[in-house]
1. When residues of the range 206-239 are filtered for being within 25 Å of the chain's Cα centre (by Cα) and more than 18 Å from SER177 (Cβ to Cβ), how many remain?
2. Evaluate the range 516-525: report whether one residue or more is over 30 Å from ARG20 (Cβ atoms), under 26 Å from the mean Cα position of the chain (by Cα) and assigned to a loop (DSSP other than H, G, I, E, B).
3. Tell me the helices (runs of 4 or more DSSP H) entirely within the range 38-123 that contain at least 3 residues that are away from the ligand (no atom under 16 Å from the Cβ) and in contact with a helix residue (DSSP H, G or I) (Cβ under 6 Å, 6 or more places away or on another chain).
4. Looking at ALA631, ALA589, which one is in contact with an Asp or Glu (Cβ under 7 Å, 6 or more places away or on another chain), assigned by TED's automatic domain parsing to the domain that holds VAL672 and surrounded by fewer than 22 Cβ atoms within 10 Å (Cβ to Cβ)?
5. May I ask you to verify whether GLU519 is modelled with pLDDT of 95 or more and under 18 Å from ASN112 (Cα atoms)?
6. Name the strands (runs of 3 or more DSSP E) wholly within the range 417-501 that hold at least 3 residues that are within 14 Å of TYR397 (Cα to Cα)?
7. Please give the strands (runs of 3 or more DSSP E) falling wholly within the range 587-669 in which 1 or more residues are over 23 Å from PRO558 (Cβ atoms) and over 25 Å from the mean Cα position of the chain (by Cα).
Amino acid sequence: MRPVVTTCSYCGVGCTLEVRTLRGRIVKVTSPPDAPANRGNLCVKGRFGHDYVTSPDRLTRPLVRRGDRRTGRLEPASWEEALDLVARRLASVRERYGPGAVAGFSSAKCTNEENYLFQKFLRAVIGTHNVDHCARLCHASSVVAMNLALGATAMTNSIGEIRDHADVILVTGSNTSENHPIVALEMKAAVARGARLILIDPREIELARFATVWLRQRPGTDVAVLSGLAHVIIRDGLWNREFVERFTEGFEELAAAVAHYTPQVVEALSGVPARDVEEAARLYATSPAAAIFWGMGISQHTTGTDNALALVNLALLCGQLGRPGTGLNPLRGQNNVQGAGDMGALPHVLPGYVPVTDAEGRRRFEALWGVRLPEAPGLTATEVTEAACDGRVRALYVMGENPALTDANLNHVRHCLEQLEFLVVQDIFLTETAAMADVVLPAWSWAEKDGTFTSTERRVQRVRRFLDPPGEARADWDILSDLARRLGSDWRYDSAEAIFEEIRRAVPAYAGITYARIEERGLQWPCPAEDHPGTPYLFAGGLPRGRGRFHPVGYLDPAELPDDEFPLILITGRVLYHWHGGVISRRSAGLNEIYPEALVELHPDDAARLGVHDGQMVRVRSRRGEVTAAARVTERSRPGSVFLTFHFAEAAANLLTNDALDPRARIPEFKVAAVAVEAV
Ligand code: SF4
């Protein structure tokens with residue numbers, strides 16, 4: 001049986017899969033030993049978690065709500081009726097309220113080709129930049145920070161460099177073993193070779209066992225800890241003078257800003273012992289090659305941009321950029337979240353990160369698409385929710401996202417979605433958001449389509465069809481093209497590759513990538529010409545703007561702190577066996593059997609005080625909602641904090657989370673909410 005070679009549909013590591021099928025079902029998944037990111041290794045999700053594609057829950061026919069929006073039922077309809085209705089309702093909202101009353105959420109689960117077409121549909125067919133995707137909820141703040149300081153927003157280096165080149169690995173706000181297991185494997189291999197690991201994390205995650213030094217800070221005190229590292233590096237003259245003078249600006253402001261953050265001040269603010277701050281600073285600054293990796297523990301804060309800027313400051317200070325084994329590496333969560341951003345599924349940039357406010361850039365896309373584009377940026381996903389509530393947005397088109405489960409402060413989000421005049425959801429399952437829709441369009445899964453994903457290390461890789469789609473489901477790009485024609489645009493794409501050829505013309509970093517070139521192995525952008533080998537690490541020839549800019553930042557409290565009524569801090573996150581909103585991993589029989597329910601992690605001291613024992617059902621309350629789930633009493637959680645995943649709709653952590661936003665990135669503070677826990 002010859003396997004089909006494709007790319008994993010779960011996380012952003014982008015592991016290469018060899019999939020074998022029998023009678024329409026997946027029977028074996030392996031990986032070739034020379035796979036670029038994963039060297040033949042796969043985690044449990046990649047190897048055993050793809051049976052969701054043949055789940056009996058798959059959507060197979062369009063659904064249309066008959067009767068009233070709140071009480072009417074979703075019933076099967078023909079494609080003709082469903083698409084006619086969508087086109088008519090979108091056109092009607094646009095006519096009555098203007099194009100800005102329509103918004104769309106694209107999907108990091110979909111291919112580059114689908115993301116490109118989705119944002120083009122909103123911009124060129126509807127006439128609005130109101131398009132966003134789940135990066136708003138994960139790394140929006142990292143992107144803002146890296147753009148401000150460096151003029152580049154992606155992971156700078158490659159996964160393979162961890163094992164082969166890094167001498168020091170600084171991991172913060174990333175439970176890498178559970179969320180990017182193959183990256184964690186590479187980190188552990190590097191430690192086995194002699195590399196040192198600095199871990200900054202409030203939870204006792206698996207990597208703590210491999211760390212030379214573990215800084216266990218109070219949640220939300222990241223700026224203080226990272227400023228403490230910069231303080232020690234400057235105080236002890238460990239910074240890279242040559243790099244700072246040649247490639248940076250703003251050093252004096254940074255030095256002034258971190259002067260206050262002595263290790264003793266940091267200890268008082270964060271709970272991290274001063275000696276550990278000293279040791280971590282020395283390790284990072286004196287390493288020949290030190291790489292920084294981070295995840296949502298850094299980005300999902302009201303200070304998310306400041307947190308990421310503090311990391312960029314460290315790398316600039318020590319010149320840990322532009323060489324193998326160094327760099328700034330935000331680990332992207334979903335399989336194609338890097339690609340969705342590259343394709344312009346963001347309200348402020350066109351494909352290739354061309355600002356919508358840049359007149360020349362806009363003109364280039366106007367010529368390519370044959371339309372006039374609006375000059376002002378659109379609304380972010382979090383702003384769309386508010387705009388739905390106050391009537392500025394009347395119609396929402398959601399492709400493969402599930403805001404009714406994954407956004408912060410769900411009771412409010414669901415109330416806002418109910419205020420829409422029209423909601424259309426395109427997905428493979430009847431998600432919580434789809435269940436609220438007026439029209440549901442059944443789409444192909446990853447197993448049924450061709451296209452490309454771009455992994456966290458900027459590697460553009462092929463996705464290949466190996467199963468027939470169920471029932472009447474159609475490809476996302478085909479549905480979008482049909483709708484565009486019904487709304488008067490002459491879209492004539494006949495394959496994913498035809499769309500990719502247009503992407504190559506639109507995005508210079510992708511210009512040299514062709515399906516033929518990535519037949520065997522993906523290519524890392526920037527790849528500007530067909531004879532270019534791709535770019536494993538950025539900044540080898542200097543920084544994009546010539547100089548990187550230090551941004552002084554200062555510690556600010558999270559938006560909500562514990563008090564007498566809500567005395568504990570809730571941290572939300574993910575576990576190895578599930579993925580994001582759980583829509584696909586919970587429909588994988590094996591994964592669901594191993595980890596079937598939400599668990600509330602409590603430290604033994606807190607559990608004893610509350611009279612809660614392991615396995616007991618507890619109620620967790622915040623100012624915004626409450627959930628009930630079983631307690632897991634464990635020292636993994638820091639005393640005073642509680643951990644809950646957001647994979648389980650029946651104990652939806654986002655009923656509790658705080659929707660206070662980072663002012664620049666508009667990302668909610670998923671990582672700090674004040675809660676109370678009680679036995680039930
Ligand atoms: Fe898939 Fe990520 Fe696991 Fe690799 S590490 S197999 S990409 S889920």
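1. 10
2. Going through the range 516-525, the residues over 30 Å from ARG20 (Cβ atoms) turn out to be 525.
Next cut, under 26 Å from the mean Cα position of the chain (by Cα) only: 525.
Filter again for assigned to a loop (DSSP other than H, G, I, E, B), leaving 525.
Yes: the range 516-525 contains one or more residues that are over 30 Å from ARG20 (Cβ atoms), under 26 Å from the mean Cα position of the chain (by Cα) and assigned to a loop (DSSP other than H, G, I, E, B).
3. Hits in the range 38-123: 79-97, 112-120.
4. The unique qualifying residue is ALA589.
5. no
6. By residue number, 422-427, 439-442.
7. Per the criteria, 617-621, 626-633.
So that you can scan it fast, the table gives a plain yes or no per residue for (1) surrounded by fewer than 20 Cβ atoms within 10 Å (Cβ to Cβ); (2) within 16 Å of the ligand (Cβ to nearest atom):
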{"residue": "THR454", "(1), (2)": "no, yes"}
{"residue": "ARG462", "(1), (2)": "no, yes"}
{"residue": "TRP477", "(1), (2)": "no, no"}
{"residue": "LEU480", "(1), (2)": "no, no"}
{"residue": "SER495", "(1), (2)": "yes, no"}
{"residue": "ALA498", "(1), (2)": "yes, no"}
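The values are calculated or read from the model by the stated rules, or taken from the named source; none is laboratory data. Keep in mind it's a predicted model, so treat the numbers as computed, not measured. Note that we place each Cβ from the backbone using ideal geometry, even for glycine, and neighbour counts take in every protein chain shown.
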